[in-house]
Amino acid sequence: MQIKKYLLFLMVLGLFLSEITLQLNPILGFLLYAILICGVITSLSHSDTLTSNTKIIISFMILPMIRIVELFLTFDIFWRTFITYFALAFLTVFYTIKFESDVGFSRRKTSWLPITILLGIALGIIGSLILNPEKNRELFYLLPLIAFSEEILFRGLIQKEIKKIYNSLDGILVSSLLCFIFTLSYGLPLALFFLATSLISAFFYNKTSNIWLSISINLFANIFLFAM
């Protein structure tokens, strides 16, 4: 049975409200995320097969699981970021294998790679000039992990599965909105920048089905935004 479109966007809204609550009140936000995860696990216990709907719901739940992990991390920014994105990479790779998803590790349209690299650099420079974020060159070594894990989740798992049962536009919008929600902890200006970057990355992924191209946009945008 297909998830109705309004329920899909209600799930996005639920994650958004939980994330906002988490930023304002960590305890209440933790409870909302925990209730959300428990509710989803309970509903999925009645499902015997891995349908596209099930894959979308499980992929959505990766975000609150990562947020709950973050709440218990008291390390400095480098190690906190490393542990967070290592966990994200582990979950995305695990479910990519479990779902037997072809996320786009291919050579399709690799001629577009110079375009996506230059586009990522341009986005990073523009974002750096407009937002003037704090530079942290330690994070430079984590940016490949960040770009890889985010694009596999938002593009390879979420966007692709939503496109299968709805359409390309819904896949682009929902995956980018989830990226916006996930990056709200960096502050609204940076989250809006990541929303714009995600929309562009999602557009290229939709056109090419090559995950390397979207990873290159994400990676070079972050390099020139945070590290250069």
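The values are calculated or read from the model by the stated rules, or taken from the named source; none is laboratory data. Since we're looking at a predicted model, the values are computed, not measured. Note that each Cβ is placed from the backbone with ideal geometry, even for glycine, and that neighbours are counted across all protein chains shown. SASA here: full protein model, heavy atoms, side chains in, ligands and nucleic acids out. Shrake-Rupley method; radii C 1.70, N 1.55, O 1.52, S 1.80 Å.
Side notes on the structure shown:
- 3J(HN,Hα) along the range 10-26, derived from phi through the Karplus expression 6.51 cos²θ - 1.76 cosθ + 1.60 where θ = phi - 60°, amounts to 5, 5, 4, 4, x, 5, 5, 5, 5, 5, 4, 4, 4, 5, 8, 8, x Hz, with x in place of Gly and Pro.
- Taking every protein chain into account, the accessible area of the chain amounts to 50 square angstrom per residue (probe 1.4 Å).
- For the range 48-139, the set of GluC sites (Glu not before Pro) satisfying both a DSSP loop assignment and a count of at most 10 other C-beta atoms within 10 Å is given as Glu100, Glu134.
- Charged-residue dipole, Cβ positions (Lys, Arg, Asp, Glu), the chain about Cα centre, Debye nearest 20: 580 debye
- Shown here is the pair-distance distribution of the range 5-227: with all Cα-Cα distances grouped in 10 Å bins from zero up to the longest one, the shares run 8, 34, 39, 17, 2, 0 percent.
- Residue-by-residue Karplus 3J(HN,Hα) for the range 142-155, coefficients 6.51, -1.76, 1.60, Hz, glycine and proline x: 9, 4, x, 5, 4, 4, 4, 5, 5, 6, 4, 5, 6, 8
- Simple point charges give the picture: +1 on the Cβ of Lys and Arg, -1 on the Cβ of Asp and Glu, and for the range 1-97 a dipole about the Cα centre of about 240 debye.
- Placing unit charges on each Cβ (+1 for Lys and Arg, -1 for Asp and Glu) gives the chain a dipole about its Cα centre, and among Gly187, Thr42, Phe99 the Cα reaching farthest toward its positive end belongs to Phe99.
- In the structure shown, the pairs Lys55/Lys109; Lys160/Lys207; Lys98/Lys207 are assessed against 21 Å; a Cα-Cα span above that value is assigned to Lys55/Lys109; Lys98/Lys207.
- Per-peptide average of other Cβ atoms within 10 Å, ordering 32-40, 104-112 highest first: 32-40, 104-112
- In the assembled protein chains, Trp212 presents an accessible area of approximately 120 Å² (probe radius 1.4 Å).
- Radius 15 Å from Cβ of Ser101, net charge of other residues (Lys, Arg +1; Asp, Glu -1): +2
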